[in-house]
Structure formats: structure tokens, C-alpha cells
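A.B. asks: Dumping the structure here so I can ask a few things about it.
The values are calculated or read from the model by the stated rules, or taken from the named source; none is laboratory data. Just so it is clear, the model here is predicted, and its values are computed rather than measured. Cβ placement follows ideal geometry from the backbone for every residue including glycine, while neighbour counts extend to all protein chains displayed. The area values use the complete protein model at the heavy-atom level, side chains included, leaving out ligands, DNA and RNA. Shrake-Rupley method; radii C 1.70, N 1.55, O 1.52, S 1.80 Å.
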Amino acid sequence: MAKSIQAIRGMHDIVPEQTPVWQFLEKTIGRILDNYGYQEIRMPVVEKTELFKRSIGEVTDIVEKEMYTFDDRNGDSLTLRPEGTACCVRAGIENGLLYNQVQRLWYMGPMFRHERPQKGRYRQFHQVGVETFGMSGAEIEAELILISARIWRDLGLTNIVLQINTLGTSEERVAYRDKLVAYLESHRRKLDKDSLRRLGTNPLRILDSKNPDMQALIESAPGLMDHLGDASLDHFARLREILDAAGLEYEINPRLVRGLDYYCHTVFEWVTDQLGAQGTVCAGGRYDGLVEQLGGKATCACGFALGEERLVALLEDLDAGKQDVNLHAYIVSTGQEEIVRAVILAEALHDQLPELKLQLNCGAGSMKSQMKRADKSGADVALILGGHELERSGVTLKFLRTGEDQINIPFDKLASYLSARIAVSGSRR
Ligand code: ATP
Ligand code: MG
């Protein structure tokens, strides 16, 4: 026998047993975003490598070591998208959606990063991204945060904590960066290998280090908040005022800097302690400079992305999102003529009852083995079409779950009978 081929490490199938939870997650999010007036946008999975280098930043983890980059057959360097914001901005500029306009957009789909696979961290994973353009006030940031809070609530997830911080403007950050580098230089001996590397490239990221040995050093580092001007502080105060008025709890985490270069002012993360080290389920913030950086006219913007795998893991722990996937009816038939008749009957029922979940037995078999399949299908009732039934121009209904006596129903009454039965069983659920 030939050796079977396995999926790529860190890339997973989502098998039928798991898809109901994913559908529950995605339907809930889609409904909420629709209710807030957000429109879906779909972008390609592959983009020019340059797009991510220019937006995410050359010295970030993603661009330095996580991208799936390859040469196209005509020599262009392409990359499987590691995130969606850059793609969304590229698409917005290219399609004339951004300049002088207000947009509220969202997308969903696979992202690719060559990371070390572990629980909550994969090489192909899925994000829902939400991006807004043309709104400079703190109220749009509050709206994004409140939307994410509503998503957790409607999914039934608790224990997800909001952390916020402000990064100020890029000018303020440059000035702060110098002070931070000077401080870290003076403690060079205490820096770990990662931090030494970042010192010359992306020193703010050192604040984000998870290394316990570095924590004391980081605690005493100069704080970014102390280096911000009045306008930046006012903006952040305004966001807090709205969140307070909305009764939303949050923590201010001065060390929340995000890994990507393009953020300014507000950044936020939603974090849970229920997923071990991979506790961030959603992250976002303001990125006013990015549109211009990617060749568009200056447009303010903010957004967030949530990680679907991590939310699915939380939902699975709660045993939530189990939808009723059982069939209502299963058609069993024997004999050549009856099978044709069964196909036509199934089509007629699907025409008449859009809500009916009905499956046809395919692949013959004895009546006994077909009834076994009917039972396994989870259907409430088997519709039996045999020679006997054809003569009487009706169908025998055998109830698979309730122990009711079987009955015979004429073809022309079947749809209304099933419709009434679905309504009753629907209200019972
Ligand atoms: P982390 O610090 O966990 O690496 P990140 O800052 O790289 O996250 P973002 O780029 O902000 O993540 O992506 C937003 C969200 O997407 C994350 O909060 C997380 O839920 C999810 N995510 C990111 N990388 C992965 C991955 N490799 N596997 C699964 N989910 C991921
Ligand atoms: Mg990461």
C-alpha cells in the first residue's frame, strides 16, 4: 500500500465533528458586525512580499522569521498573508474605498506564519479582522472594543480581560525610544539574547518580553506614558471616559506595545488565563500612518483581529456552539422503480420545505441495513418507499426516536405533515 500523505506541520483540517463550533463562532461574529453596519471585504491569500515588509516592518518577528515567502514562476517574490490589515489597506487604496471616506470593513480567513506549533499557535490559523477608516476620534476605538466585548458576551465567553495602552504619535515614540535605548544600554549586561538583538532594531518590543529574568529591568524602565504630549494624553483620556460610561472594565497595561510597527495612540488586547501561554484572543489599535505608508492619501484608521482557533478552544471547553445537526427525515427505498420515485419525492420535499433536513439512502442495501443507516443518520423519522407503498401512493413513516406507531401518509399530504412535525420539534428544542 502506498504511504499516505500527511498535512503540513502546524496546519490542520477542521473535521465535521468540529465545524459546528466554527460555524457558531463565525455566524455570531458576522451577525454582530452586520448589526453595527460593517461590510465584508474579501482579499487574496497571497500578496507581493513588499506589502508586508513595508507595512508590518522589516524588523518585526513576522517579517524577520515567520513569513511563507516564495518566488512565483516569473520571479516575483510573493508571500502567504501573515495577517489581514496590510491586505485590507492595499485593497482599500486600490479600489478607491479610503480617500475622504468613512469605511467599516471586516474579513475572515486563513493566515500563515512559520512559528513553532503548539496549543493555540499554528502555521495556518484563522482570523476575523475588522478595520475602520476615516475616523480619528476615540469613539470609533470604543466602538471596536465594545463590538469585541459583545462578541464574547454573545458567544457565552467570560474571563476575557481587556488591556489598553497608548503609544502616542510616532514622533513621541521616536523621542521615547532614544531614552529607552539609553536606559537599556546602561543595563546591557542584564539583557537576554533576544533583547540584545532588539535593542538596535525594535527596542519597544523589549518591554513585551515574557522572560522572567527581564521583568525587574522592564519594571524600572522609563514609561512611554510620561513622554506623551497633551493631545495624545487627551485622546487616551477620552477613550477611557467612553469605556467608563459604557461600564466596560479594563486594565491599563503600559507594557502593551504590540509587535507590529504601524500602531499609534490606542492599542488593546483581550486576554484570557484559560489558554496557557497563548492567552491573547484579540488584538488591535489605531494605525493612522499605514495608508500613507502604503502609497495612499493620509487616512486615519483603526481595527482589530481575533484568533479563531483560540476562541474555538474556549468554546469547546464550555461545550458551547453544539448546533442541532440532526436530520429530520431519511428516505429508505427498495427496487429500481422505488429508487427513482424516492429521488423525485426528495426533490419535491426540498422544493416545498426549505427548512427540511432530509437525506436519501444511496447505495441500495436490504431494508434492514437501510434502516440501520437511517437510525445512524440521527433522523427523527424514516420515510419508507417500497412496492407496497407505491401501490397505495403513500409513504410509510417509521418514527426512530419516539416509539410512536408507524403510519402511512399519502404523497400529497406528506409535506404539510412534515412541516407541522418540524415546527413542533423545533419549538421543543
Ligand atoms: P502572539 O503574541 O500570540 O504571537 P500576535 O501579536 O503575533 O500574537 P496578532 O498579529 O495581533 O498576534 O494577531 C491577532 C490574533 O491572532 C492574536 O491575538 C491571536 O489570537 C491570533 N494569532 C496570532 N498568531 C497566531 C498563530 N500562530 N496561531 C493561532 N492564532 C494566532
Ligand atoms: Mg506572534
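A.B. asks: Helix 230-245 against the longest principal axis of the chain: what's the angle in degrees, Cα atoms only, rounded to the nearest 10?
C.D. replies: 30 degrees
A.B. asks: Apply the a/c threshold of 1.5 to the C-alpha gyration tensor of segment 344-429 and tell me whether it is rounded, prolate or oblate.
C.D. replies: It comes out rounded by the Cα gyration axes.
A.B. asks: Using Cα pairs under 8 angstrom and six or more residues apart, how large is the relative contact order of segment 285-424, in percent?
C.D. replies: Relative contact order for segment 285-424 comes out at 20 percent.
A.B. asks: Right, next: Can you find, among 63, 147, 306, the residue sitting farthest towards the positive end of the charge dipole of the chain, where Lys and Arg contribute +1 and Asp and Glu -1 at Cβ?
C.D. replies: Towards the positive end, the residue furthest out is 63.
A.B. asks: Continuing with the same structure: Return the sequence-ordered ³J(HN,Hα) values of segment 375-391 in whole Hz as given by the Karplus equation 6.51 cos²θ - 1.76 cosθ + 1.60 applied to θ = phi - 60°, using x for Gly and Pro.
C.D. replies: For segment 375-391, the Karplus-derived couplings read 5, 5, 5, x, 5, 6, 9, 9, 9, 9, 10, x, x, 4, 5, 4, 4 Hz, x marking Gly and Pro.
A.B. asks: Could you estimate the translational diffusion coefficient of segment 192-294 from the Stokes-Einstein equation, with Rh from the Kirkwood formula over C-alpha pairs, at 37 °C and 0.692 mPa s, in whole µm²/s?
C.D. replies: 209 µm²/s
A.B. asks: Just to be sure I understand: if I project the alpha-carbon convex hull of segment 268-410 onto a plane and average over all orientations, what area do I get in nm²?
C.D. replies: 15.7 nm²
A.B. asks: Which whole-number percent gives the relative contact order of segment 37-119, counting Cα pairs below 8 Å spaced six or more residues apart?
C.D. replies: Details: 99 pairs, mean separation 33.5, N = 83.
It rounds to 40 percent for segment 37-119.
A.B. asks: Measuring with a 1.4 Å probe in the full set of protein chains, what accessible area per residue, in whole Å², belongs to segment 36-101?
C.D. replies: Per-residue accessible area for segment 36-101 comes out at 53 Å².
A.B. asks: Sorting check: for 288-296, 95-103, 233-241, which peptide has the highest mean count of neighbouring beta carbons within 10 Å, and how do the rest follow?
C.D. replies: Per-residue Cβ counts within 10 Å, averaged per peptide and sorted highest first, yield 288-296, 233-241, 95-103.
A.B. asks: So how exposed is residue 353, as accessible area in Å² (1.4 Å probe, rounded to 10)?
C.D. replies: Surface open to solvent at residue 353 totals about 10 Å².
A.B. asks: How large is ³J(HN,Hα), in whole Hz, for each residue of segment 339-348 in order, when computed from phi with the Karplus curve 6.51 cos²θ - 1.76 cosθ + 1.60 and θ = phi - 60°, using x for Gly and Pro?
C.D. replies: Rounded to whole hertz, the list is 5, 4, 4, 5, 4, 5, 4, 4, 4, 4.
A.B. asks: Compare the Cα positions of 165, 183, 137 along the charge dipole of segment 110-217 (+1 at Cβ of Lys, Arg; -1 at Cβ of Asp, Glu; about the Cα centre) and return the one farthest towards the positive end.
C.D. replies: 183
A.B. asks: Sorting 227, 350, 265 by accessible area (1.4 Å probe), largest first, what list results? Walk me through the numbers before you get to the answer.
C.D. replies: Working: 227 50, 350 75, 265 30 Å².
Ranking 227, 350, 265 by accessible area, largest first, yields 350, 227, 265.
A.B. asks: With a ≥ b ≥ c the root eigenvalues of the C-alpha gyration tensor of segment 36-191, is it rounded (a/c under 1.5), prolate (a/b larger than b/c) or oblate?
C.D. replies: Because its axes are fairly even, with a/c under 1.5, segment 36-191 counts as rounded.
A.B. asks: Still on this structure: With a/c under 1.5 counting as rounded, go ahead and sort the chain into rounded, prolate or oblate using the C-alpha gyration tensor (a ≥ b ≥ c being the square roots of the eigenvalues; past the cut-off, prolate if a/b is larger than b/c, else oblate).
C.D. replies: Because a/c hits 1.5 or more and a/b exceeds b/c, the chain counts as prolate.
A.B. asks: Something else: Check which residues have an amide H placed less than 5 Å from residue 266's amide H, if you skip close sequence neighbours.
C.D. replies: Here the answer is 167, 286, since their amide H atoms fall under 5 Å of that of residue 266.
A.B. asks: Next up: Per-residue HN-Hα couplings for segment 135-152, Karplus 6.51 cos²θ - 1.76 cosθ + 1.60 at θ = phi - 60°, whole Hz, x for Gly and Pro?
C.D. replies: Calculated HN-Hα couplings, in order: 10, 9, x, 6, 5, 6, 5, 4, 4, 4, 5, 5, 4, 5, 4, 5, 4, 4 Hz.
A.B. asks: Roughly speaking, what is the centre-to-centre gap between segment 1-50 and segment 161-237 when only Cα atoms are used, to the nearest Å?
C.D. replies: Between the Cα centres of segment 1-50 and segment 161-237 lies a distance of 35 Å.
A.B. asks: Would you please give the residues with an amide H less than 5 Å from that of residue 301, counting only those at least 5 places away or on a separate chain, with H modeled from the backbone geometry?
C.D. replies: Under 5 Å from the amide H of residue 301 lie the amide H atoms of 134, 287, 288, each far enough along the sequence or on another chain.
A.B. asks: Which sequence of 380, 72 reflects their accessible areas, 1.4 Å probe, from the largest down?
C.D. replies: The ordering from most to least exposed comes out as 72, 380.
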